[in-house]
Amino acid sequence: MVMVLIGVLAAIGVPRLMGDNSFAAATFGDEVVSALRTAQKTAVAHRRLVCVSVAATAVTLRQATKANEGACSLALGDNYSTSAGGVAASAHTMYFQPNGLITSDIAGRNAMRGSVVISLDNNPRRTIVFEGSTGYVQ
(Lines give C-alpha, C1' and ligand atoms only; values in the text may rest on other atoms or scores of the structure.)
Protein backbone atom coordinates (compact mmCIF):
# COMPACT_ATOMS: atom_id res chain seq x y z
CA MET A 1 0.00 0.00 0.00
CA VAL A 2 2.84 2.37 0.86
CA MET A 3 4.51 1.67 -2.49
CA VAL A 4 1.30 2.50 -4.36
CA LEU A 5 0.99 5.83 -2.51
CA ILE A 6 4.61 6.69 -3.22
CA GLY A 7 4.07 5.87 -6.90
CA VAL A 8 0.99 8.07 -7.14
CA LEU A 9 2.70 10.97 -5.38
CA ALA A 10 5.74 10.62 -7.63
CA ALA A 11 3.60 10.62 -10.77
CA ILE A 12 1.80 13.79 -9.70
CA GLY A 13 4.47 15.65 -7.76
CA VAL A 14 7.67 15.12 -9.76
CA PRO A 15 6.52 16.94 -12.92
CA ARG A 16 5.45 19.92 -10.83
CA LEU A 17 8.73 20.00 -8.95
CA MET A 18 10.72 19.70 -12.17
CA GLY A 19 9.02 22.81 -13.59
CA ASP A 20 6.80 21.14 -16.19
CA ASN A 21 4.47 23.89 -17.41
CA SER A 22 2.15 21.66 -19.46
CA PHE A 23 -0.84 22.80 -17.43
CA ALA A 24 0.16 26.44 -17.86
CA ALA A 25 0.41 25.98 -21.63
CA ALA A 26 -3.02 24.35 -21.77
CA THR A 27 -4.52 27.09 -19.60
CA PHE A 28 -3.02 29.87 -21.71
CA GLY A 29 -4.34 28.16 -24.85
CA ASP A 30 -7.83 28.12 -23.35
CA GLU A 31 -7.50 31.81 -22.47
CA VAL A 32 -6.45 32.71 -26.03
CA VAL A 33 -9.47 30.86 -27.45
CA SER A 34 -11.73 32.59 -24.93
CA ALA A 35 -10.28 36.00 -25.83
CA LEU A 36 -10.80 35.45 -29.57
CA ARG A 37 -14.37 34.26 -29.09
CA THR A 38 -15.10 37.19 -26.77
CA ALA A 39 -13.76 39.59 -29.38
CA GLN A 40 -15.93 38.10 -32.12
CA LYS A 41 -19.09 38.06 -30.03
CA THR A 42 -18.51 41.58 -28.72
CA ALA A 43 -17.94 42.98 -32.21
CA VAL A 44 -21.22 41.51 -33.46
CA ALA A 45 -23.29 42.25 -30.35
CA HIS A 46 -22.11 45.86 -29.97
CA ARG A 47 -21.72 46.46 -33.73
CA ARG A 48 -18.25 47.85 -33.20
CA LEU A 49 -14.76 47.08 -34.38
CA VAL A 50 -12.71 45.00 -31.91
CA CYS A 51 -8.92 44.92 -32.26
CA VAL A 52 -6.96 41.93 -30.95
CA SER A 53 -3.24 41.77 -30.38
CA VAL A 54 -1.77 38.36 -29.61
CA ALA A 55 1.78 38.61 -28.29
CA ALA A 56 4.05 35.88 -26.96
CA THR A 57 2.67 36.00 -23.41
CA ALA A 58 -0.45 38.17 -23.59
CA VAL A 59 -3.65 38.86 -25.53
CA THR A 60 -5.02 42.41 -25.56
CA LEU A 61 -8.57 43.31 -26.61
CA ARG A 62 -9.65 46.84 -27.51
CA GLN A 63 -12.86 48.10 -29.10
CA ALA A 64 -14.07 51.18 -30.91
CA THR A 65 -15.95 53.64 -28.74
CA LYS A 66 -18.82 53.92 -31.22
CA ALA A 67 -20.17 52.24 -34.34
CA ASN A 68 -18.38 52.95 -37.64
CA GLU A 69 -15.28 54.23 -35.85
CA GLY A 70 -12.00 53.12 -37.42
CA ALA A 71 -9.89 52.93 -34.28
CA CYS A 72 -9.90 50.84 -31.13
CA SER A 73 -9.33 53.16 -28.22
CA LEU A 74 -11.38 51.53 -25.46
CA ALA A 75 -10.02 48.61 -23.41
CA LEU A 76 -12.26 45.55 -23.52
CA GLY A 77 -12.11 43.73 -20.20
CA ASP A 78 -8.95 42.36 -18.67
CA ASN A 79 -5.93 41.27 -20.66
CA TYR A 80 -5.21 37.56 -20.86
CA SER A 81 -1.63 36.63 -20.03
CA THR A 82 0.71 33.96 -18.79
CA SER A 83 3.75 34.27 -16.57
CA ALA A 84 4.79 30.61 -16.87
CA GLY A 85 8.29 30.19 -18.15
CA GLY A 86 8.62 28.70 -21.63
CA VAL A 87 4.95 29.22 -22.58
CA ALA A 88 4.48 31.41 -25.64
CA ALA A 89 1.97 32.15 -28.40
CA SER A 90 2.66 33.09 -32.01
CA ALA A 91 2.08 36.81 -32.55
CA HIS A 92 -0.92 38.11 -34.53
CA THR A 93 -2.87 41.33 -34.93
CA MET A 94 -6.44 40.91 -36.12
CA TYR A 95 -9.60 42.94 -36.39
CA PHE A 96 -13.05 41.58 -35.64
CA GLN A 97 -15.57 43.46 -37.73
CA PRO A 98 -19.18 44.19 -36.66
CA ASN A 99 -20.40 41.73 -39.32
CA GLY A 100 -18.43 38.89 -37.69
CA LEU A 101 -15.49 38.74 -40.13
CA ILE A 102 -11.89 38.57 -38.97
CA THR A 103 -9.64 40.82 -41.06
CA SER A 104 -6.00 41.84 -41.27
CA ASP A 105 -6.90 45.53 -41.71
CA ILE A 106 -9.07 47.96 -39.78
CA ALA A 107 -11.17 48.80 -42.84
CA GLY A 108 -12.28 45.15 -43.11
CA ARG A 109 -11.20 44.57 -46.72
CA ASN A 110 -8.93 41.54 -46.27
CA ALA A 111 -10.39 38.48 -44.55
CA MET A 112 -7.74 36.76 -42.50
CA ARG A 113 -7.33 33.06 -41.81
CA GLY A 114 -4.61 31.39 -39.85
CA SER A 115 -3.68 29.96 -36.51
CA VAL A 116 -2.19 30.88 -33.17
CA VAL A 117 0.28 28.28 -31.96
CA ILE A 118 0.81 27.84 -28.22
CA SER A 119 4.27 26.47 -27.51
CA LEU A 120 6.06 25.17 -24.45
CA ASP A 121 9.84 25.50 -24.66
CA ASN A 122 9.53 26.05 -28.45
CA ASN A 123 7.54 22.81 -28.89
CA PRO A 124 4.01 23.34 -30.25
CA ARG A 125 1.37 22.21 -27.74
CA ARG A 126 -1.85 23.58 -29.24
CA THR A 127 -2.98 25.18 -32.47
CA ILE A 128 -5.93 27.58 -32.40
CA VAL A 129 -7.43 27.99 -35.87
CA PHE A 130 -9.41 31.02 -37.01
CA GLU A 131 -11.25 31.53 -40.30
CA GLY A 132 -11.74 35.17 -41.25
CA SER A 133 -14.53 34.78 -43.77
CA THR A 134 -16.82 33.11 -41.21
CA GLY A 135 -15.44 34.34 -37.86
CA TYR A 136 -14.88 30.71 -36.80
CA VAL A 137 -12.43 30.14 -33.92
CA GLN A 138 -11.44 26.69 -32.66
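The values are calculated or read from the model by the stated rules, or taken from the named source; none is laboratory data. The shown structure was predicted, so the numbers you read here are calculated from the model rather than taken from an experiment. Glycine also receives a Cβ, built like all others from the backbone with ideal geometry; neighbour counts cover every protein chain displayed.
Checking each residue of the stretch 53-66 against the condition of being surrounded by 15 or more Cβ atoms within 10 Å (Cβ to Cβ), over 15 Å from the mean Cα position of the chain (by Cα) and hydrophobic (A, V, I, L, M, F, W, C) gives at least one match. The set of residues in the stretch 122-138 that are in a strand (DSSP E or B) and among the polar types (S, T, N, Q) comprises Asn123, Thr127. Looking at the stretch 46-68, is at least one residue part of a loop (DSSP other than H, G, I, E, B), more than 20 Å from Ala24 (Cα to Cα), in contact with a strand residue (DSSP E or B) (Cβ under 7 Å, 6 or more places away or on another chain) and among the hydroxyl-bearing types (Ser, Thr, Tyr)? Checked against the condition, which is being part of a loop (DSSP other than H, G, I, E, B), more than 20 Å from Ala24 (Cα to Cα), in contact with a strand residue (DSSP E or B) (Cβ under 7 Å, 6 or more places away or on another chain) and among the hydroxyl-bearing types (Ser, Thr, Tyr), the stretch 46-68 yields at least one hit.
Inspection of the stretch 76-91 finds a residue satisfying the criterion of being in contact with a helix residue (DSSP H, G or I) (Cβ under 6 Å, 6 or more places away or on another chain) and of a type in the set (S, T, N, Q).
Can you confirm whether the stretch 93-101 contains a residue that is touching a Leu at 6+ places or on another chain (Cβ under 8 Å), at pLDDT below 95, polar (S, T, N, Q) and surrounded by fewer than 17 Cβ atoms within 10 Å (Cβ to Cβ)? No, the stretch 93-101 has no match at all. Among the residues of the stretch 102-121, those that are out of contact with any Leu (no Cβ under 8 Å at 6 or more places or on another chain), not hydrophobic (A, V, I, L, M, F, W, C) and not in a strand (DSSP E or B) comprise Ser104, Asp105, Arg109, Asn110, Asp121.
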